[in-house]
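Visitor: Take this structure first; my questions come after.
The values are calculated or read from the model by the stated rules, or taken from the named source; none is laboratory data. Values in this document were obtained by computation on a predicted structure and should not be read as measured data. Every residue, glycine among them, receives a Cβ derived from its backbone with ideal geometry; neighbour counts consider all protein chains shown. These area figures cover heavy atoms from the full protein model, side chains too; ligands, DNA and RNA do not enter into them. Shrake-Rupley method; radii C 1.70, N 1.55, O 1.52, S 1.80 Å.
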Amino acid sequence: MGISRHATAHWEGDLKNGQGRLSTPQSGLLDNTRYGFNSRFGEEKGTNPEELIAAAHAGCFTMALSAKLTEAGHPPASLDTRAEVDLSMEGGPTLSQIRLKVKAQVPGIDAGKFQAIAEDAKANCPVSKALSAVPVSLEATLL
């Protein structure tokens, strides 16, 4: 049994002057949310693909880490993850790097075991697997 989710994108105009709208009809979280050249490469309000990939990766990794810690007998008190997605323009636009940074409160676990579980979650969450062509680093801090 699997699940399927979808999002929609609508675009009008050329790349630099045009604009688009993104929606996530199933959840309603994004509802014609603006995106465009200036929200991607400048400071205009709106979202962009890299930000959405970062959100997806942070969420997926954090859920995977919670599950793996719990399976190991150490359910986390809290996990806070930041995902940074870099878009390089060298040689044409490409996602060049993702950095996952997690700060965790996990009672009763030692730092070595926490690091090993965090690395496993990084390697095996579905979004990490989908983005396997992009180098992903992990900074995991046990508080």
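Visitor: Grab the other residues whose beta carbon is less than 13 angstrom from that of His10, score K and R as +1, D and E as -1, and report the net.
Guide: 0
Visitor: Could you pull the accessible area for Lys16 with a 1.4 Å probe, rounded to 10 Å²?
Guide: About 130 Å², rounded to the nearest 10.
Visitor: Running a GNM on the chain with Cα contacts under 10 Å, which residue among Leu65, Leu30, Leu52 ends up with the highest mean-square fluctuation?
Guide: The residue that fluctuates most here is Leu30.
Visitor: Further, regarding this structure: Angle, helix 111-124 long axis vs. longest principal axis of the chain, Cα atoms, 0 to 90°, nearest 10?
Guide: Value to nearest ten degrees: 40.
Visitor: Taking the Cα centre of region 96-143 as origin, work out the dipole magnitude from +1 charges on Lys and Arg Cβ and -1 charges on Asp and Glu Cβ, in debye rounded to 20.
Guide: With Lys and Arg at +1 and Asp and Glu at -1, about 140 debye.
Visitor: Let me ask something else about it. Return the long-range amide H neighbours of Gln97 (sequence gap of 5 or more, or a different chain), with a cut-off of under 5 Å between placed amide H atoms.
Guide: Asp86
Visitor: Also: Roughly how many Å is it from the Cα centre of region 78-143 to that of region 1-73, as a whole number?
Guide: 18
Visitor: Rounded to the nearest 10 Å², what accessible area does Arg40 have for a 1.4 Å probe in the complete protein model?
Guide: Accessible area of Arg40: about 100 Å².
Visitor: Restricting to the chain, what percent of DSSP beta bridges are antiparallel, rounded to 5?
Guide: So the antiparallel bridges amount to about 70 percent of the total.
Visitor: Would you tally the net charge around His74, using a Cβ to Cβ cut-off of less than 14 Å, leaving His74 out, and scoring K and R as +1, D and E as -1?
Guide: Spelling it out: positives minus negatives among the neighbours equals -1.
Visitor: Note down the Stokes-Einstein diffusion coefficient of region 18-143 in µm²/s, whole number, using a Kirkwood radius over alpha carbon pairs, 37 °C, and 0.692 mPa s.
Guide: D = 207 µm²/s.
Visitor: Now, a different point. Would you work out what percent of the accessible area of region 1-80, with all protein chains in place, is carbon or sulfur (probe 1.4 Å)?
Guide: Ligands and nucleic acids excluded, carbon and sulfur give 54 percent.
Visitor: Enumerate the lysines that Lys129 could reach by cross-link, defined here as Cα to Cα under 26 Å, with residues fewer than 8 away along the same chain left out.
Guide: Once the sequence-local lysines are set aside, what remains near Lys129 is Lys68, Lys101, Lys103, Lys113.
Visitor: So, one more: Skip the ligands, DNA and RNA, and give the accessible area per residue of region 62-143 with a 1.4 Å probe, whole Å².
Guide: I get 55 Å² per residue for region 62-143.
Visitor: Using only Cα atoms and rounding to the nearest 10 degrees, what angle (0 to 90) does helix 49-71 make with the longest principal axis of the chain?
Guide: For 49-71 against the chain, the angle is about 20 degrees.
Visitor: Something else now. In whole percent, how big is the carbon plus sulfur part of the accessible area of region 97-143, probe 1.4 Å, protein atoms only?
Guide: Carbon-and-sulfur percentage of accessible area, whole number: 55.
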